[in-house]
1. Could you list, ordered by first residue, the pairs with Cβ atoms under 6 Å in which the first is in region 1-27 and of a type in the set (F, W, Y) and the second is surrounded by 10 or more Cβ atoms within 10 Å (Cβ to Cβ), at least 6 apart or interchain?
2. Looking only at region 133-155, count every residue that is among the β-branched types (V, I, T), assigned to a strand (DSSP E or B) and farther than 18 Å from S122 by Cα and tell me the total.
3. If you scan region 156-179, which residues turn out to be open to solvent by 70 Å² or more (accessible area, probe 1.4 Å), more than 14 Å from L123 (Cβ to Cβ) and not basic (K, R)?
4. Any idea which of L120, L72, L129, L95 is under 34 Å from the mean Cα position of the chain (by Cα), open to solvent by 40 Å² or more (accessible area, probe 1.4 Å) and either farther than 30 Å from F14 by Cβ or at pLDDT below 90 (or both)?
5. Which numbered condition in (1) in contact with a helix residue (DSSP H, G or I) (Cβ under 7 Å, 6 or more places away or on another chain); (2) modelled with pLDDT of 85 or more; (3) more than 15 Å from L75 (Cα to Cα) is the only one that G45 fails?
6. Restricting to region 8-53, what's the tally of residues that are assigned to a loop (DSSP other than H, G, I, E, B) and exposed (fewer than 15 other Cβ atoms within 10 Å of the Cβ)?
Amino acid sequence: MMLANLWTEFCNLFTQMHWVVILLLSLGLIFCIVEATIPGFGFFGIIGILCEVGAVVVHAVLSGSAAQVFFLILLVVLVVLLIFLIFVRSAKYGLLAKSALVENKTSLPTDYKEKAKDELKSLIGKEGLTLTECRPVGKIRIGQESYEAQSVSTVIEKGEVIKVVAIEDARIMIDKLTY
């Protein structure tokens, strides 16, 4: 008997739904799809979620049936979850992965550490000044160029004379120069 009542409520959800609820559900779905496909700051996603919540509230007020509201919430959650899963799969394997919306490559070449290491090797043994405190990382100046460097020992105060002692993984390793 109870299952028959639930089935009746489920059928009534779709047969007696007010046009405002259908409009809000449709707009919410469209806005959620737009938010998933166009990168932004969430405007369309927020509006979409508000439309979906508004549709549930309006349907609850108009129908007065807790079972129909439960079914509607369940339906909205399942549809949004399905859209999310489709877009995640598409971002990895489908058309979305081939579009400019999904970044598949890094902006750095794969051998950037080796190239940077080779370019920085000429700095080994050179002296310079700290522009900021090195705790252990800070800014230094060698000649007219400024670099980010890492202290190998203690904290080096701003304005101290330093010496480049090594290059490790494209990082300049420095130590305080003592006379």
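The values are calculated or read from the model by the stated rules, or taken from the named source; none is laboratory data. Quantities reported herein were computed from a predicted structural model and do not represent experimental measurements. Note: ideal-geometry Cβ built from the backbone for every residue, glycine included; neighbour counts use all protein chains shown. Surface areas here come from the heavy atoms of the whole protein model, side chains and all, with no ligands, DNA or RNA. Shrake-Rupley method; radii C 1.70, N 1.55, O 1.52, S 1.80 Å.
1. Close Cβ pairs (under 6 Å, with a partner that is surrounded by 10 or more Cβ atoms within 10 Å (Cβ to Cβ)) amount to F10/F71.
2. Qualifying residue count for the region: 1.
3. Scanning region 156-179 gives E157, D169, T178, Y179.
4. Being under 34 Å from the mean Cα position of the chain (by Cα), open to solvent by 40 Å² or more (accessible area, probe 1.4 Å) and either farther than 30 Å from F14 by Cβ or at pLDDT below 90 (or both) holds for just one of L120, L72, L129, L95, which is L95.
5. It fails just one condition, (2).
6. Qualifying residue count for the region: 7.
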